[in-house]
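Data first, discussion second: the structure below is written as structure tokens.
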Amino acid sequence: EQNWSLLPVQAALTVRVGTHARGSCGFPGFPEWFGKNSTTNKKKRLTSELAMHLNSSVSGGLEAVRLNYVPALRDRLMKPMLEQGPDGVDATIAAMDEYGLSRDDLFESLRELQFSNSKDVFATMDSKTKSAFTRKFNQGTHKSQALGGGDVTKKRKRAVESDMGLPGEEDDDAASESDNDEAAAASVFKAKKKKAAPKKKAAKKGR
């Protein structure tokens, strides 16, 4: 049963809240909040990973990394490539090795951690310089690979082989599996032919 006697109290409380708020209550924006909360958590995760990679070179916490180190690192790492093009790749990679940063730290973390009112310097970088950076970075060994172990080495090797047009380990495995399947099919076919031969002889004897 509904207690309608509480309806006047409900109306009074609604008016009271509106009086204190000096306006109407806003529409609940849960989907919008959920999207912004997901973005916030992603940026917190990227900041934590970046702080872990910088742990051997800097002494600041998450707040210091986010507010102080990220803008300075972005300018230092991107400036040589923006001003010199492919010729500035070596200077950028040397600075990344000094701080123990990976390619994802540069092109994902530092880009995602830009302030909304700042200029996106990554968008002004031409594809030729970016390709030169990728080839040069994949050809060497770096301090950041110690955090990823062997998987990073395998990924780097696959990337180099892909850039050079060479077959990778997966292609070799696929080729060997194909050869094994063909050999197995051939052996089965030969076995069937050997079994079929006595039947023909038996048919001749019957005649």
Legend entry - segment 110-119 - phi-based ³J(HN,Hα) in whole Hz, Karplus 6.51/-1.76/1.60, Gly and Pro as x: 5, 6, 5, 8, 6, 6, 5, 8, 8, 7
Legend entry - Carbon and sulfur %, accessible surface of segment 39-100 computed with the full protein complex present, 1.4 Å: 48 percent
Inset, instruction - Taking 7 Å along the Cα-to-C-beta vector as the label spot, tell me the Arg111-Ala64 distance in nanometres, rounded to one decimal. - result: 2.9 nm
Legend entry - Label-point separation in nm, Ala95 to Asn41, each point 7 Å along Cα→Cβ: 3.4 nm
Legend entry - segment 34-39 - phi-based ³J(HN,Hα) in whole Hz, Karplus 6.51/-1.76/1.60, Gly and Pro as x: 4, x, 5, 5, 5, 5
Legend entry - Heavy-atom surface of segment 58-122, accessible at 1.4 Å and reported per residue (Å²): 51 Å²
Legend entry - Out-of-range pairs (alpha-carbon distance over 23 Å; input Lys42/Lys79; Lys119/Lys143; Lys79/Lys128): Lys42/Lys79; Lys119/Lys143
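The values are calculated or read from the model by the stated rules, or taken from the named source; none is laboratory data. Treat the numbers as computed from the prediction; the structure is a model and nothing was measured. Because the Cβ atoms are built from the backbone with ideal geometry, glycine has one as well, and the counts that use them run over all protein chains shown. Side chains included, ligands, DNA and RNA excluded: accessible areas come from the protein's heavy atoms. Shrake-Rupley method; radii C 1.70, N 1.55, O 1.52, S 1.80 Å.
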